[in-house]
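Each remark here refers to the structure printed beneath this line.
The values are calculated or read from the model by the stated rules, or taken from the named source; none is laboratory data. Just so it is clear, the structure is predicted and the values come from calculations on it, not from any experiment. Glycine gets a Cβ as well: all are built from the backbone with ideal geometry, and neighbour counts include every protein chain shown.
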Amino acid sequence: MQEIPVVLIGHKDHGKSTLIGRLLLDTKSIKESRIKEIKEVDESDGKQFELAHLVDSFYQEREREMTMDTTRVLLKGKKRNYQLIDVPGHAELISNMLTGAAGAEGALLVVDITEGIKPQTIRHLEIAKLLGIEQLAVVVNKMDKIFYQEKKFEETTEKLREILNKIGYSLKDTYFFPVSAWEGENVIKKSKRMTWYQGPSLMEFLESEVKEPVSFENLPLRFLVQDKYSEGQDEILVGRVESGILKTRQEILFLPENKKVRIISIRDSEGELKEAAAGQNIGITLSKNFNISRGAVGSCLDSVPKVSDHLSGEIFWIDSPSRKDLVCECGTSQVKGELQEPKEIKAGEESFYRVKLEKPIAFDPRNKTILGKLVLKDKGKIIAVGNIL
Ligand SMILES: Nc1nc2c(ncn2[C@@H]2O[C@H](COP(=O)(O)OP(=O)(O)O)[C@@H](O)[C@H]2O)c(=O)[nH]1
Ligand SMILES: [Mg+2]
């Protein structure tokens, strides 16, 4: 069964982890024994049990196990399963949104009704919009704290509508849910404490309204080269199929090198493969040794990426760069670039950008895959993320 990725965004302490904990608990996506264990740990630490600890204990455990992904948990629905993606800060949000095939299609924005809209609420929304998250639902949380009043809910959603509209989210497709993650009101079942609310519960919405993500397998072939090494006579290119399907004997075009090449063999860590689909990490051998290296994109012949040394689009500035000499990353390409626009940068804001690269790279403008996105680094630190138009 395909798991639908859903990212949770919003200001710190507005209740993202608690909501995930509540969803896991009430759908029995987590084992009773596990809950008991965490309750006992809390007790022995003299702490009160919190739903957020369920989720946070997952992360700590995975960090110890050194699993790459520390922020995804599985939610079991009646109809389908979901991957809930928690993003404690900007860095997690960005890295999760950039990881291609597993990128989220839908986002849940969590807003604490007593605090309302905070700077991080707006920043997360801007980044999500910029990086192509189309479906958004807003969870107005902690309704228990205001005794489930409709009036306050209406006031908050009114303000949220204004912000969403400014950022470019379609209001007619956006749902607003009055919720208490803590009490479990309107999360799985409709709340008896908010009879004034006529819409679906959050889980009913997930099960019926959230669309399945476009499968990257159905997009044109893009093989992103990460590395190469020699094995006897053969040169092996290592990389990831970002989209489409790659087959042995297929002829593909490598860009920006502009070299047409036939694939001799495909393998992964288990052995030889006939083909590899989007999301797979593989090694390939070619008919001849070409001078192809990291950053190259292998493409099908009928729909190829663009190649240029100029990029432009919309970008979100996490920090302002200390110098002009930036590293521009797109897919596996890493090239030095000079920022031509904007002239002035304000951290925490979005702007149009234009960069001139030291040499041309291959990319896919206005694309959902990683080849449609740009990351700017300054001294190894991500300072901005944007799309390529
Ligand atoms: N009263 C009340 N408190 C909540 C609710 N949801 C979360 N909290 C509390 O708010 C605090 C922050 O929650 P947490 O889930 O860690 O927020 P996060 O930073 O967005 O992940 C915790 O102390 C939670 O117990 C709610 O629905 N009602
Ligand atoms: Mg949290």
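Data for the structure
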read-out: Tally of residues being within 16 Å of ligand 2 (Cβ to nearest atom) and either out of contact with any Ser or Thr (no Cβ under 7 Å at 6 or more places or on another chain) or of a type in the set (Phe, Trp, Tyr) (or both) across the stretch 180-214; value: 1
read-out: Matching residues in the stretch 1-51 - criterion: being among the acidic types (Asp, Glu), touching a strand residue (DSSP E or B) at 6+ places or on another chain (Cβ under 8 Å) and within 11 Å of ligand 1 (Cβ to nearest atom); value: Asp13
read-out: One residue from Ser293, Ser230 being part of a loop (DSSP other than H, G, I, E, B) and farther than 16 Å from Leu374 by Cα; value: Ser293
read-out: Positions within the stretch 12-42 being farther than 18 Å from Leu202 by Cα and outside any loop (DSSP other than H, G, I, E, B), in sequence order; value: Glu32, Ser33, Arg34, Ile35, Lys36, Glu37, Ile38, Lys39, Glu40, Val41, Asp42
read-out: Residue count for the stretch 28-57, restricted to those that are in contact with a Lys or Arg (Cβ under 9 Å, 6 or more places away or on another chain) and crowded, with 17+ Cβ neighbours inside 10 Å; value: 6
read-out: Of residues in the stretch 1-42 being away from ligand 2 (no atom under 16 Å from the Cβ) and among the hydroxyl-bearing types (Ser, Thr, Tyr), the one modelled with the highest pLDDT; value: Thr27
read-out: Qualifying position, being more than 25 Å from the chain's Cα centre (by Cα), surrounded by fewer than 21 Cβ atoms within 10 Å (Cβ to Cβ) and touching a residue at least 40 places away in the same chain (Cβ under 8 Å), among Glu207, Glu272, Glu212, Glu235; value: Glu235
read-out: Val261 vs. criteria modelled with pLDDT under 95 and outside any strand (DSSP E or B); value: no
read-out: Residue identified as assigned to a loop (DSSP other than H, G, I, E, B), polar (S, T, N, Q) and over 21 Å from the mean Cα position of the chain (by Cα) among Thr285, Thr195; value: Thr195
read-out: Residue among Phe147, Phe153, Phe177 that alone is away from ligand 2 (no atom under 16 Å from the Cβ), modelled with pLDDT of 95 or more and under 16 Å from Val6 (Cβ atoms); value: Phe177
read-out: Residue satisfying condition, being surrounded by fewer than 20 Cβ atoms within 10 Å (Cβ to Cβ) and within 30 Å of Glu126 (Cβ to Cβ), within set Ser333, Ser351, Ser303; value: Ser351
read-out: The stretch 315-358: number of residues that are closer than 21 Å to Gly298 by Cβ and without any contact (Cβ under 8 Å) to a residue 60 or more places away in the chain; value: 7
read-out: Considering residues of the stretch 43-60 that are charged (D, E, K, R) and in a loop (DSSP other than H, G, I, E, B) only, the residue farthest from ligand 2 (Cβ to nearest atom); value: Asp45
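Rundown of residues vs (1) out of contact with any helix residue (DSSP H, G or I) (no Cβ under 7 Å at 6 or more places or on another chain); (2) closer than 15 Å to Ser180 by Cα, yes/no style:
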{"residue": "Gln2", "(1), (2)": "yes, no"}
{"residue": "Gly10", "(1), (2)": "no, no"}
{"residue": "Lys16", "(1), (2)": "yes, yes"}
{"residue": "Asp56", "(1), (2)": "no, no"}
